[in-house]
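Q: Below: one structure in structure tokens.
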Amino acid sequence: MQALQLQQLEDWVQVEILVVDNDCTGKNLKIITELNPAAQIKMRFVEATEKGIVPARNKAVEYFLDSSFEALVFIDDDEWPGETSWLQTLVNTQVQTQADVVTSVLHVIAENPKDKWVEKVPGFGTHNKKKVEPTNRFYTANVLIMRPVLEAIKPAFDMRFAFTGSSDLHFCIKTINAGFKAVVTPFAPVIETYPASRTNLRWFFLRGYRSGEGATRAIIYEGSFPKAYVFCLIMFGFRMLRGVVSALKGILLFQKAYLALSLLQIGSSIGTLGGFFGISYQEYKTIHGS
């Protein structure tokens with residue numbers, strides 16, 4: 001919360017922070033009530049009574065559409081801006097490109113210094129971009145979405161992904177299919193701390209499986225038969241091949257980061273098939289970290 005309050009914004013940018021809580025213990029409301037009087041940026045609080053990440057995201061969209069703001073920015077509760085210019089950079093990029101969606105990068109930091117290897121997993125958790133350019137992939141970890149998108153895509157996030165994740169990928173596919181323009185900038189990073197529960201090889205495999213399974217369902221829901229099915233089968237083979245190559249690199253170079261990458265990719269490959277049969281891993285029923 002403090003990192004959001006430290007954002008440096010030009011006078012013409014008016015913002016407020018919305019905290020959507022589906023913990024429902026009252027703890028977060030008390031914290032916000034105590035902080036608000038001295039806050040540089042006004043904070044609002046709403047409850048999502050249903051469990052799962054989808055109701056929380058949709059509650060944010062509902063609040064936004066009832067407001068007069070022009071854009072909604074998502075950042076996860078376990079992340080913080082990498083720069084005090086984070087939000088202004090997202091806004092400036094939208095103004096310069098006139099994009100409907102602006103996303104940026106995510107950097108992973110290990111909570112325990114002994115787990116620094118997780119920070120070296122190639123390309124994990126982020127776009128690998130050097131300049132502002134078009135993209136057909138974005139997620140709610142770090143994204144600015146303009147009002148016309150959320151007025152057109154209803155519901156924004158699908159309850160079929162409530163505990164499995166990938167509702168943001170599904171939303172992304174719907175947005176791109178509807179003809180909206182998305183760009184990625186490398187200059188507005190956010191940082192995510194990985195606790196011990198996320199710094200083991202088993203977690204990487206399960207995250208890969210969840211991502212692959214969710215991607216298959218999202219593509220099938222929005223695609224046409226047989227094109228969507230053929231595409232997913234191709235991705236199954238491609239992801240498995242990449243996983244085998246990464247495993248060989250990890251063995252030859254004695255690098256745990258490449259072994260983690262291989263399990264992420266192999267898990268994604270297997271999950272791609274699992275998506276055909278609805279075999280899901282409900283990652284968001286477990287809270288990682290505090």
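The values are calculated or read from the model by the stated rules, or taken from the named source; none is laboratory data. Worth saying up front: this structure is predicted, and the values here are computed from it rather than measured. Here the Cβ is made from the backbone with ideal geometry for all residues, glycine too, and neighbour counts use every protein chain on show. Protein only, heavy atoms only, side chains kept; ligands, DNA and RNA dropped before computing areas. Shrake-Rupley method; radii C 1.70, N 1.55, O 1.52, S 1.80 Å.
Q: Quick one: grab Rg to one decimal and Dmax as a whole number for the stretch 16-122, Cα atoms only, in Å.
A: 16.3, 47
Q: From the protein chains alone at 1.4 Å, what is the descending order of accessible area for Trp86, Trp12, Trp80, largest first?
A: Numbers: Trp86 10, Trp12 140, Trp80 95 Å².
Highest to lowest solvent-accessible surface, that is Trp12, Trp80, Trp86.
Q: Could you do me a favour and compute the accessible area per residue for the stretch 37-120, 1.4 Å probe, result in Å²? Walk me through the numbers on the way to the answer.
A: On the way: 4430 Å² over 84 residues.
Heavy-atom accessible area per residue stands at 53 Å².
Q: Ignoring ligands and nucleic acids, what accessible area does Ser85 show with a 1.4 Å probe (Å², nearest 10)?
A: Near enough 50 Å² of accessible area.
Q: For the chain, what does the helix formula give at 222 nm: sum of -39500 (n - 2.57) over DSSP H segments with n ≥ 4, over the residue count, nearest 500 deg cm²/dmol?
A: -14000 deg cm²/dmol
Q: Suppose every Lys and Arg Cβ carries +1 and every Asp and Glu Cβ carries -1, with no other charges. What dipole size does the chain come out with about its Cα centre, to the nearest 20 debye?
A: So the magnitude is around 1260 debye.
Q: Then there's this: Given the chain, what percent of its DSSP beta bridges are antiparallel, to the nearest 5?
A: 50
Q: Counting Lys and Arg as +1 and Asp and Glu as -1, what is the net charge of the other residues whose Cβ lies under 12 Å from the Cβ of Ala48?
A: Once all neighbours under 12 Å are counted, the net charge is -2.
Q: Turning to a different aspect of this structure: From the C-alpha gyration tensor of the stretch 146-227, pull out the three semi-axes of the equivalent ellipsoid (sqrt of 5λ each), sorted largest to smallest, in whole Å.
A: Each semi-axis is the square root of five times an eigenvalue, giving 26, 19, 12 Å.
Q: To continue, here is another question. State which entries of Lys120/Lys256; Lys131/Lys154; Lys130/Lys256; Lys59/Lys154 exceed 20 angstrom in Cα-Cα distance in the structure shown.
A: Where the Cα-Cα span goes over 20 Å, the pairs concerned are Lys131/Lys154; Lys130/Lys256.
Q: Taking N as the number of residues in the chain, what is its Cα Rg relative to 2.2 N^0.38 Å?
A: 1.01
Q: So, taking all protein chains as they sit and a 1.4 Å probe, how much accessible area belongs to Met235, in Å² rounded to tens?
A: So the heavy atoms of Met235 present about 40 Å² to solvent.
Q: Starting from the Cα gyration tensor of the stretch 194-290, take the square roots of the eigenvalues, sort them a ≥ b ≥ c, and report rounded, prolate or oblate (rounded when a/c is under 1.5, otherwise prolate if a/b is larger than b/c, else oblate).
A: Oblate.
Q: Whats the longest run of the chain with zero trypsin sites (Lys or Arg not before Pro) that are DSSP loop and have at most 11 other Cβ atoms within 10 Å?
A: Details: sites that count: Lys42, Lys130, Lys131.
Within the chain, the longest run free of exposed trypsin sites (Lys or Arg not before Pro) spans 132-290.
Q: Something else now. Have a look at Trp12, Phe69, Asn22 and report the one farthest towards the positive end of the charge dipole of the stretch 1-82, computed about the Cα centre with Cβ charges (Lys/Arg +1, Asp/Glu -1).
A: So the residue furthest toward the plus end is Asn22.
Q: Please compute the net charge surrounding Ile234, taking Lys and Arg as +1 and Asp and Glu as -1 over other residues with Cβ under 14 Å from its Cβ.
A: Within the 14 Å Cβ shell, the charges total +3.
Q: Express the carbon and sulfur contribution to the solvent-accessible surface of the chain as a percent, rounded to the nearest whole number, probe 1.4 angstrom.
A: 57
Q: Further, regarding this structure: Along its principal axes, what span do the Cα atoms of the stretch 84-191 show, with the longest given first and each in whole Å?
A: Principal axes ranked by extent give 46, 36, 22 Å for the Cα atoms.
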